[in-house]
Amino acid sequence: MLGSRVSCSLLFAALLILSPFCQGKTFAWGDNGHIAVAKVADLYLTDAARTKAGQILGADIYARKVCMFADAFKHRPEGSFTRSWHFVDVPDSANDFDPVRDCQQGNCVVAAIVEQKQVFKDAGSTFEQRVMALKFLIHFVGDIHQPLHCSERNGDHGGNEVQVRFLGRNGHLNLHSVWDDNILGENMQAEDPEDYAVEIKAKITSQQKTAWEQEKDPVKWVLEGHRLAHDVAYKDVATTNESHNLDANYVNRAKPVVEMQIQKAGVRLAKLLNELLP
Ligand SMILES: [Zn+2]
Ligand SMILES: [Zn+2]
């Protein structure tokens, strides 16, 4: 008994120490979102692209160490310069993407995708640079499809500063992390992200696939996300500091948006990789 009480209090202490990290700011789909996007993409890869990607990466594109590399890298001292490559803060009140206002010195997800595509294609790039470029692209095409990676309201950093409660549950979250993780969690229930990807890939119609593939400009991807942030993610969420409860109506509106954005990101990532790895 004593032993279990000691280990319980040790566990409790560990949770207390870890909790600030768990509740801290997040700036990306969580692991599940990125794995699901990359797995949807994998299902649309040509055999040639899949083989070549595997040779370059030494793993599947949906392996955690591949699709989550960019999130691990940004937390390392040598990767801190890539922190703002994961999003673009287009003001909620704007209706366009303005590179001077939104993407200073090319430090935003739009410029990062354009740049890393070039690095990958450039015959002068080293093998290491091409490996990293591919990992960046696999991650950033996911991030750019999370609506709150495309918008900000009143300087809230894509909802990171907006405290909310989720479905009336105890505990406070921020709006951004709800869109990275919790809504997707409601969609997936306890499903494995790869299985979830197979399931939502099967729901993509050929008309949707064609329409999504035709739009290749990351600026357009951002404007789509920015609109969804305005119409769904920020809709009815108070701008005051009081913690807003995201109720079942809100979550039911958000769930299909998150599912569609993951489907869309997967289709577009496959299109990009099939072109880069013919
Ligand atoms: Zn990210
Ligand atoms: Zn995020």
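No value in this document is a laboratory result; all are computed from the given coordinates. In this text the structure is predicted, and so the values were computed from the model without any measurement. So basically every Cβ, Gly included, is an ideal-geometry build from the backbone, and we count neighbours across all protein chains shown.
Quick look at the numbers
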| item | result |
| --- | --- |
| Residues Val66, Val258, Val198, sorted so that the one with the fewest Cβ neighbours within 10 Å comes first | Val198, Val66, Val258 |
| Karplus-derived HN-Hα couplings along segment 161-173 (A = 6.51, B = -1.76, C = 1.60, θ = phi - 60°), whole Hz, x at Gly and Pro | 9, 9, 6, 9, 10, 10, 6, x, 6, 5, x, 9, 10 |
| Helical contribution to [θ] at 222 nm, DSSP H n ≥ 4, -39,500 (n - 2.57), averaged over the chain, rounded to 500 | -17500 deg cm²/dmol |
| Trypsin sites (Lys or Arg not before Pro), loop per DSSP, at most 14 other Cβ atoms within 10 Å - longest free stretch of the chain | 26-168 |
| Measure of compaction for the chain (Cα Rg per 2.2 N^0.38 Å) | 1.03 |
| Folded to 0 to 90 degrees: helix 47-57 orientation relative to the chain principal axis, Cα | 60 degrees |
| Where Rh is the Kirkwood radius over Cα pairs, Rg/Rh for segment 238-278 | 1.32 |
| Convex hull per residue volume in Å³, alpha carbons only, for segment 123-278 | 145 Å³ |
| Nearest 10 degrees, 0 to 90: helix 248-276 Cα axis against the chain principal axis | 30 degrees |
